[in-house]
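Participant: Quick one: the structure is below, and I'll ask about it shortly.
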Amino acid sequence: MSIRIATLAATAAALSLGLVACTPADQNQAEANTEAAADNAADAAATAGTQIQEGAAAAGEVIEGGAMKAAQAVESGAGNVADHLEANQAEAAAEGRPGATAPTPQQ
C-alpha cells in the first residue's frame, strides 16, 4: 500500500510542477501550435479529397472507355454471327433444304 501512496504522491508532485511551469505564454503558444496543426490537417484533408476526386474521375473515364470498347466488340461480334447465320440460311435456301427460307434483302 505504501508503494501506491508513494507513486501517487510522486505523480501529483510531477503534475503540480507541470502546471506551475506552464505560464500563460506557454499556454498561448500551445494553443497557437494546436490551431496551426488543425489548419494543416484541414489543408491536407482538402488536398487529399481533391486528389481522390481527380483519381476517381480518371478511373471513371478508363472504365467508361473500356465499357465502350467492350460494347463495340459485342456489337461487332453479334453482327458477324448474324452475317454468318444469314449466309448459312441463304445457302440452305439455295440448296432447297426443308425449312430454309431465303433472307430478305436489307434496304
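The values are calculated or read from the model by the stated rules, or taken from the named source; none is laboratory data. Owing to the predicted nature of the structure, the values given are computational and were not obtained by experimental measurement. Here Cβ is always computed from backbone atoms with ideal geometry, including for glycine, and neighbour counts include all displayed protein chains.
Participant: Please determine whether any residue of the range 77-97 is assigned to a helix (DSSP H, G or I) and surrounded by fewer than 10 Cβ atoms within 10 Å (Cβ to Cβ).
Facilitator: yes
Participant: Looking for whichever is at pLDDT below 80, more than 30 Å from the chain's Cα centre (by Cα) and surrounded by 10 or more Cβ atoms within 10 Å (Cβ to Cβ) here; the options are Pro103, Pro24. Which one fits?
Facilitator: Selected residue: Pro103, the only one of Pro103, Pro24 that is at pLDDT below 80, more than 30 Å from the chain's Cα centre (by Cα) and surrounded by 10 or more Cβ atoms within 10 Å (Cβ to Cβ).
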